[in-house]
Structure formats: structure tokens, C-alpha cells
Amino acid sequence: MKRIFLEETSSTNVYIKRFLAGGEDVIVCAGRQTGGRGTKGRSFVSEEGGVYLSALSFYENFPAEHAFLIMAHAAVAVCKTLECYGLSPEIKWSNDVLVGGKKIAGILIENTLSRGQVRASVVGIGLNVVNPLPGLGDIAVGMGEFSASPPSAEEVRDALIEALSVPSDFSDYLGYVGCLGKKIRVTEGEKRYIATAREILPDGRLLIEAEGELRALSSAEISIGIGGKR
């Protein structure tokens, strides 16, 4: 797989799309992003000292209904990387990785679909190592807060690239999910309510029970625990 290392770019996800026409798997890493993006169009603080990586992969015979497995694999790779450094990560549905109840990594997936198939995917990962997190101390955390001698961003980057190359399956993803069987606070637009997280379906939807009824969420914000801040 081709690897490209940049000192700075606006967004690794944006940069890597120039290779979509080439058909070759590529990884792009940057020391800093000036326009990092998260899910739902949110900005992602990307100062020097973190890992900012995008991986472009091409597929054949990959049904679109299985696309969630791409995100699941990325989340598992992040968790396994963190475990290499003695941390205990947890996945908050669907794509945030937490340590100690705070977000340490985010994942943004952009798939190219055609005729019900995933033809290519861009997996963007931002992982906080020793990068500053201005104004985010209540909700975000870096690896440096858990060690007096934290690893360098370059070391963690290489470990993450290696973890991405190791296959995983849906059961691996479920093993890191922390909300199942717990009370959660669900936010859907202006609507907020308490539910119990029951199951994550193979297509990535979260099955919840609220007021005695089961329903599957395709997208929503959840907080683990009624009084939680996540």
C-alpha cells in the first residue's frame, strides 16, 4: 500500500481523494490539519502531536449493506492500537473511541457506491496523542494524559497503520462497545429521551428499547448513563 506523509494539509480525507481514479490503495498521514472534519460536518481539532490519517481502499464484490464493517474495522484498529500502550478503550456507538469516558479518537468514513456495491472507501482517523485540545478538556483526552512518558505521534501512527492491516470482524467491534445493556440518553434533533441499548445490528443500527418498544436507530447522539456527559 502506498504511503504519503505530509507535514500539513487541510484534511487528509480531502487530500487522498485525488487518488480515487488510480485504483491503488493509499494511506495519507499529516502532522497537522488546518481543516480537519468529523461526522455531521463538525470540525476536528488537529494540532501537531496527534495522528491524522486517511486510508483509501478499493473493493470488488462488497455489498453496500455490509458497509458498516469498514467503520467497525477502523474502530477496532484504533482500540487495539491504544491497548498496545496500556489503555482501556471503549467504543461509543457508532464511531467514537473513548478512554476514561472522554473522546480520544474520531472516525469519518466516506464510501463510493455503485449499483449496490462499495467500490472504494476513505477511512479518516484522528487520534489524540500529545496534541493540545484547547477548550475540550471536559469531553476529549489525549494519550499523553495517561503516561508520564507518552509515545510520539509517529510511533502511534505506525502502530495504527499496522493494526489497520490486520483483519477483524463484527464480534471484535461488539467486544469494545460499552453501551449495550445500559441506560442511555438519546438525542434525535430536538427530541431527547431515555432508553436501554439492546443490540447493534449487522448494518450498524442501534437497537434500543424505550417505553416498552423496540426500535432501531440509524443515527442519533447518545450519552451512556442518564447522568453521563459523553
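The values are calculated or read from the model by the stated rules, or taken from the named source; none is laboratory data. Since we're looking at a predicted model, the values are computed, not measured. Here the Cβ positions follow ideal geometry from the backbone for every residue, glycine too, while neighbour counts run over all protein chains shown.
The residues of region 70-86 that are touching a residue at least 12 places away in the same chain (Cβ under 8 Å), on the phi < 0 side of the Ramachandran plot and surrounded by fewer than 19 Cβ atoms within 10 Å (Cβ to Cβ), listed by number, are Cys84, Tyr85. Residue pairs whose Cβ atoms lie under 6 Å apart, separated by 6 or more positions or on different chains, with the first residue in region 173-197 and surrounded by 13 or more Cβ atoms within 10 Å (Cβ to Cβ) and the second of a type in the set (Ser, Thr, Tyr) and in a strand (DSSP E or B), are Lys183/Thr196; Arg185/Ser223; Val186/Tyr193.
If we scan region 180-194, do we find a residue that is of a type in the set (Phe, Trp, Tyr) and assigned by TED's automatic domain parsing to the domain that holds Val130?
Our first condition is that a residue be of a type in the set (Phe, Trp, Tyr); within region 180-194, this holds for 193.
Subsequent filtering for residues that are assigned by TED's automatic domain parsing to the domain that holds Val130 retains none.
Checked region 180-194: no residue is of a type in the set (Phe, Trp, Tyr) and assigned by TED's automatic domain parsing to the domain that holds Val130.
Residue-by-condition table, conditions (1) closer than 22 Å to Asn111 by Cα; (2) assigned to a helix (DSSP H, G or I):
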position	(1), (2)
Val45	no, no
Ser57	yes, no
Glu60	yes, no
Ala75	yes, yes
Lys80	no, yes
Ser88	no, no
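Go over the candidates Ala55, Ala67, Ala120 one by one and state the one that is in contact with a strand residue (DSSP E or B) (Cβ under 8 Å, 6 or more places away or on another chain), surrounded by 23 or more Cβ atoms within 10 Å (Cβ to Cβ) and among the small types (Gly, Ala, Ser). When all the criteria are applied, what remains is Ala55. Considering region 160-198, the residues that are of a type in the set (D, E, K, R) and touching a helix residue (DSSP H, G or I) at 6+ places or on another chain (Cβ under 9 Å) include one that is modelled with the lowest pLDDT, namely Asp169. Taking region 110-121 as the range and being out of contact with any Ser or Thr (no Cβ under 6 Å at 6 or more places or on another chain) and not polar (S, T, N, Q) as the test, the residues that pass are Glu110, Leu113, Arg115, Gly116, Val118. Residues being hydroxyl-bearing (Ser, Thr, Tyr), at pLDDT below 95 and not in a strand (DSSP E or B) are entirely absent from region 14-31. In region 32-60, the residues that are on the phi > 0 side of the Ramachandran plot reach residues that are among the small types (Gly, Ala, Ser) and modelled with pLDDT of 95 or more with C-beta atoms within less than 7 angstrom, at least six apart or across chains, in these pairs: Gly49/Ala153.
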